[in-house]
Amino acid sequence: MGRCLRLASFSEDSGSARRTFLSAPMSECHQEIARWIRPLEVPARIDAAGNLRAVYPAAQAHAPRLLIGSHLDTVPNAGAYDGVLGVVLAVALLEELRGRRLPFAIEVIGFSEEEGVRFGAPFIGSRALVGRLDKELLGVVDSQGVSVQKAIEEFGLNPKEISRAALKNDALGYVEFHIEQGPVLEKLNLPLAAVEAIAGQSRLEFTFLGHANHAGTTPMHLRHDAIAGAAEWISAVERGAQEVSGLVATVGKIEARPGATNVIAGEARLALDVRHSSDEVRTRAVDNLIRQAREIAARRGLSVQENTLLSQHAVAMDPFLVGEIEQAIIKTGCKPLRMVSGAGHDAMIIAEKVPSAMIFLRTPGGVSHDPAESVLQDDVEKAIMCGLHLLDQLASSPEFYKRTNRA
Ligand code: GLV
Ligand code: MN
Ligand code: MN
């Protein structure tokens, strides 16, 4: 937990944690983790997508590998544990092996980008591992006009080497520890859970365009106010989600131009996030919200454009690994629970190529994406014990080795 707090100090903002894709503090974060694993004689490298990768060798050369990791980027005003805890726990597991070699190598991965904060598009790091950091994604720009490709170059990495970051066919599985980020485990008084599925998510950017004009002289009935149109639509987003069981829809960001008290806004840009465990329900909701935005804009003499940044389907975790995690939770002395994750995770991307599963830790108060985010020391200890049981189970499981990689 001290290590998580230490990594939170590497921030773009003073006084709060923000570490976005390949920002300068990400480099400090990499150096710190490399220092921790140096005594294990495990060298860390940074791949061309900015992911930290470190391989703890197997008992024998040319053995396959188990991947364990999570992400190192954060949201603005972040807590210390989202993502980071999964990387810190992976390092702790290597330390707890105390030099013992397993029949498989363990690759620790600290993904460079999962949150989608800098570019609006999430999972940049994990997409590189499954061969999906493509030209289109490399061309996406941040609010300063810097593209993903340029950010990679500015960090001293070579975008031409991105294909070398992709997983080879020697990965047996991917396991990710993560805080639950919700209230379920706390309500049930349980420390750990096995994640059996991750809800799908859509992220879109909407731009309402009207006419900027004088706030004092333009009568109300002659206005084309982009913010007022956007506000009507935001209310429709909230109402629409409240009407469908399990649907969550959020407008978490709004930017207006020109942005002055005495000027009617000519432009409002909004970010929409929609999630549901059923892809059909989610995509239908997104279609409805696009239709409503157009109706509202037309009625108000505005125009609206939408740009889809992500449409990620829901993903089932690997049943074999979920069962093994459940067994490991029982061996740790805890009651097992299987649950669906409402948050997105790198595991949903890696699952495209490699059998993947996750272990959730109870999140006090269900608070996350906020500095008040926390974990309980006892739960972290149980997570390490659970991880060690899992490694032992996998090491002695013929079925684990039989599984072929889908890469
Ligand atoms: C990642 O934190 C997400 O937005 O689900
Ligand atoms: Mn997050
Ligand atoms: Mn996360």
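Data for the structure
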{"item": "Lysine pairs with alpha-carbon atoms under 15 Å apart, the chain, spacing 8 or more or separate chains", "result": "7"}
{"item": "Cα-based shape type of the stretch 160-237, given that a ≥ b ≥ c are square roots of the gyration tensor eigenvalues and the cut on a/c is 1.5", "result": "oblate"}
{"item": "Cα-centred dipole magnitude for the chain, charges only on beta-carbon of K, R (+1) and D, E (-1), debye, nearest 20", "result": "480 debye"}
{"item": "Accessible surface, per residue, of the chain when the full set of protein chains is kept, probe 1.4 Å, Å²", "result": "43 Å²"}
{"item": "Residue 250-residue 372 FRET efficiency (beta carbon distance; Förster radius 25 Å; 0.05 resolution)", "result": "0.85"}
{"item": "Residue among 61, 119, 74 farthest towards the positive dipole end of the stretch 1-137, charges placed on Cβ", "result": "61"}
{"item": "Kirkwood Rh, angstrom, the stretch 217-331 [1 / mean 1/r, Cα pairs]", "result": "16.7 Å"}
{"item": "Where only alpha carbons of the stretch 109-188 are counted, the Rg and the Dmax (Å)", "result": "15.4, 48"}
{"item": "The stretch 221-254 and the stretch 335-377: distance between their alpha carbon centers, rounded to Å", "result": "28 Å"}
{"item": "Dipole axis of the stretch 222-265 (+1 Lys, Arg; -1 Asp, Glu on Cβ), positive-most option in 237, 224, 263", "result": "263"}
{"item": "Centre separation in Å (Cα based) which lies between the stretch 127-156 and the stretch 61-92", "result": "21 Å"}
{"item": "Whole-Hz couplings from phi, Karplus 6.51/-1.76/1.60, listed for the stretch 179-193; x for Gly and Pro", "result": "5, 5, 6, x, x, 4, 5, 4, 4, 8, 6, 10, x, 9, 9"}
{"item": "Exposed GluC sites (Glu not before Pro) absent: longest stretch of the chain, with sites in DSSP loops and at most 16 other Cβ within 10 Å deemed exposed", "result": "42-242"}
{"item": "Note, ³J(HN,Hα) from phi for the stretch 324-338, Karplus 6.51, -1.76, 1.60, rounded to Hz, x at Gly and Pro", "result": "5, 5, 4, 4, 5, 5, 5, 4, 6, x, 10, 7, x, 9, 9"}
{"item": "Two-site label geometry, residue 263 and residue 235: point separation in nm, points 7 Å out along Cα→Cβ", "result": "2.6 nm"}
{"item": "Debye equation applied to the C-alpha atoms of the stretch 235-279, log10 I(q)/I(0) at 0.14, 0.30, 0.33 Å⁻¹", "result": "-0.46, -1.04, -1.13"}
{"item": "FRET efficiency, 1/(1 + (r/R0)^6) with R0 51 Å, evaluated for residue 187 and residue 215 via beta carbons", "result": "0.60"}
{"item": "Over the chain: helical MRE at 222 nm, DSSP H runs n ≥ 4 each giving -39500 (n - 2.57), nearest 500", "result": "-10000 deg cm²/dmol"}
{"item": "P(r) weight above 13 Å for the stretch 4-61, C-alpha pairs, percent", "result": "64 percent"}
{"item": "Rh by Kirkwood over Cα pairs, then Stokes-Einstein D for the chain at 0.890 mPa s and 25 °C, µm²/s", "result": "110 µm²/s"}
{"item": "With DNA, RNA and ligands ignored, accessible area of residue 172 (1.4 Å probe; Å², nearest 10)", "result": "10 Å²"}
{"item": "Relative contact order of the stretch 1-153, defined on C-alpha pairs under 8 angstrom at six or more residues apart (%)", "result": "24 percent"}
{"item": "Angstrom value of the Kirkwood radius, inverse mean 1/r, which spans all Cα pairs in the stretch 53-145", "result": "14.8 Å"}
{"item": "Value of relative contact order over the chain, rounded to a whole percent, pairs C-alpha under 8 Å and six or more apart", "result": "21 percent"}
{"item": "Estimated vicinal HN-Hα couplings, Hz - the stretch 378-386 in sequence order (Karplus 6.51, -1.76, 1.60; Gly, Pro = x)", "result": "4, 5, 5, 4, 5, 5, 5, 4, 4"}
{"item": "Dipole magnitude of the stretch 243-350, debye to nearest 20 (Cβ charges: Lys/Arg +1, Asp/Glu -1, about Cα centre)", "result": "360 debye"}
{"item": "Cα long-axis angle, helix 84-96 against the chain (0 to 90 degrees, to the nearest 10)", "result": "0 degrees"}
{"item": "Acute angle (nearest 10 degrees) that the helix 226-242 long axis makes with the longest principal axis of the chain, alpha-carbon atoms", "result": "50 degrees"}
{"item": "Solvent-accessible area, 1.4 Å probe, carbon plus sulfur percent, for the stretch 78-153", "result": "45 percent"}
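The values are calculated or read from the model by the stated rules, or taken from the named source; none is laboratory data. It should be emphasised that the depicted structure is a prediction, and the values quoted were computed from it without experimental measurement. For neighbour counting, all protein chains shown are included, and Cβ atoms are generated from backbone atoms with ideal geometry for every residue, glycine included. Heads up: the accessible areas ignore ligands, DNA and RNA and are worked out on the full protein's heavy atoms, side chains in. Shrake-Rupley method; radii C 1.70, N 1.55, O 1.52, S 1.80 Å.
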